[in-house]
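Just so it is clear, none of the values below were taken in a lab; they were calculated from the coordinates. Since the structure is predicted, the reported quantities are computational estimates derived from the model, not experimental observations. No Cβ is skipped: glycine too gets one built from the backbone with ideal geometry, and neighbour counts run over all protein chains shown.
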Amino acid sequence: MKFLSDLPRNSRNSIKLEPLWSVFGGMILFYAPLYMKGLGVTEVEMGLINTVNLFFAFIFHFLAGPVTNRLGRKRTTLIFDIISWTIPMLIWAVAQNFWYFLIAYSINASVKIVSISWYCLISEDAPENKRAKIFGIMYIINYTTGIFTPVAGLLIAKYGTVPTLRVLYLIGMVSFTCMFIIRNALVNETKAGKEIMEKHSTMSISQSLKSYIVNIAGIRKNKNLILITLILIITNFAASMNFFQILYIKDYLGFSEKALSVTPLISALINLLLFVYVLPKLRNFKDEKLLFIAFLIVCLGILVLLATPLGNMAILLASIGILAVGGFIMQVYRDTVFMNNAGEHDKADMYAAAQTVTTLICIPSGYLGGLMFSLSRQLPFLGMLCLYIIASLIAFKLLRMKGATDEKETDIGTTA
């Protein structure tokens, strides 16, 4: 592939193999709530499972740095990919009740370790000006595979949710595991990884954890960083509550699994169009302004979803489309604004620290979302709307602070 020829070995091979994960991963994650409900798991129990998952995710966040630095990027990625995906996929495939899902999601939380090691594995040996391309391609691969979701919808309509998902989990497990093993054979330990492994071989885990805690404490020294960390917390809290969207569309709005399968396709096509045609044209706008606009678009999408009449496919697709636009822009510029405020030499450590704080605070979000959904099908989405309104106000505050900073720098430049 000439398009990938300018990328280093690790990045190039990882991108080529990513579809082995994303094709089945997208379908499985989308239909997971329906599968769980089909096996008798209640909404409150689903929320509890998500909360337990976040609790273990918080623990694994703390361990991610020390483990990755000791074992190396390549070895850590292989080991914890198999632990966090291959094992849970097998458990999900044979699941019978709440306890199977609780165990599987608890093990799956170890994916937080992979999120650090994999990030380093595919990016550390790449030039800085190529990293945006690497993650942009990865992002769009994982989103555009939503075009395969209608295939699962057709199978579910013919054979039923539970039998179809059992087979998909098994096939997905094989596909995932093949990808992990093949990728491990095709990538090398990064140069930085080798140096850090040697350095940390003499350090204790407690020493590594102490430095992590220092980074968390460092967030409070930067007002902008505090605000964007609040945005991270709010958006992740809302994402946990949005777990029940597919159940809302099916049970409350009355759409079939076959009709539901179209929604990821719409989101995938919109994300692809935004990535190719819109994102390059937004470079002249302030990142904070685009983040603010993204939150307003998401709020509009939630309002349209809540106003969707029973069985009205046109309005449902409109709401999904609006949410796809807002969600895409929000994810791109939320992380960009954070990195812009994290300092020149502390970006990775500060981002990891902010993610740890975010995970800790979001632990109750899963259970709260499930409880709200059991009380009223619309309540979690009203809660999400309130959260995104607060996030938009914070983004507006960041925009004003950015404007004031730019004006001050202009005045200094003029005086000089």
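Which value, in debye to the nearest 20, gives the size of the charge dipole of the chain about its Cα centre, when Lys and Arg are +1 and Asp and Glu are -1 at the Cβ?
Its charge dipole is roughly 400 debye.
Find how many whole Å separate the alpha carbon centroid of the stretch 300-333 from the alpha carbon centroid of the stretch 224-242.
What the calculation gives is 20 Å, centre to centre.
Take every Cα pair under 8 Å in the chain that's 6+ residues apart, average their separations, divide by the length, and report that relative contact order as a whole percent.
Relative contact order here is 26 percent.
Note the direction-averaged projected area, equal to a quarter of the hull surface, for the Cα convex hull of the stretch 1-43, in nm².
4.1 nm²
Please check: in the Gaussian network model of the chain (C-alpha springs, under 10 Å), which one of 104, 307, 152 has the largest mean-square fluctuation.
Checking each option, the largest mean-square fluctuation is seen for 307.
Pick out which of 392, 261, 206 has the largest mean-square fluctuation in a Gaussian network model of the chain, springs linking Cα atoms closer than 10 Å.
Of 392, 261, 206, the Gaussian network model singles out 206 as fluctuating most.
Considering the Cα trace of the chain, what is its radius of gyration and what is Dmax, both in angstroms?
Using the Cα atoms of the chain, the pair Rg, Dmax is 21.5, 73 Å.
With the dipole of the chain worked out from charges on the C-beta (+1 for Lys and Arg, -1 for Asp and Glu) around the Cα centre, which of 28, 7, 176 lies farthest toward the positive end?
The listed residue farthest towards the positive side: 7.
What pairs in 194/221; 16/199; 16/250; 16/258; 2/133; 210/402 have C-alpha atoms more than 25 Å from each other?
Violating the 25 Å Cα-Cα cut-off are 194/221; 16/199; 16/250; 16/258; 210/402.
Taking the chain as a Gaussian network, where each spring joins two C-alpha atoms under 10 Å apart, which residue of 250, 191, 258 fluctuates the most?
Between 250, 191, 258, it is 191 that shows the largest mean-square fluctuation.
Please work out, to two decimal places, the log10 of the ratio I(q)/I(0) at q = 0.20, 0.28 Å⁻¹ from a Debye calculation in which every Cα of the stretch 268-330 carries one identical scatterer.
-0.77, -1.13
Remind me, relative contact order of the stretch 218-404 in percent, using alpha carbon pairs under 8 angstrom and six or more residues apart?
42 percent
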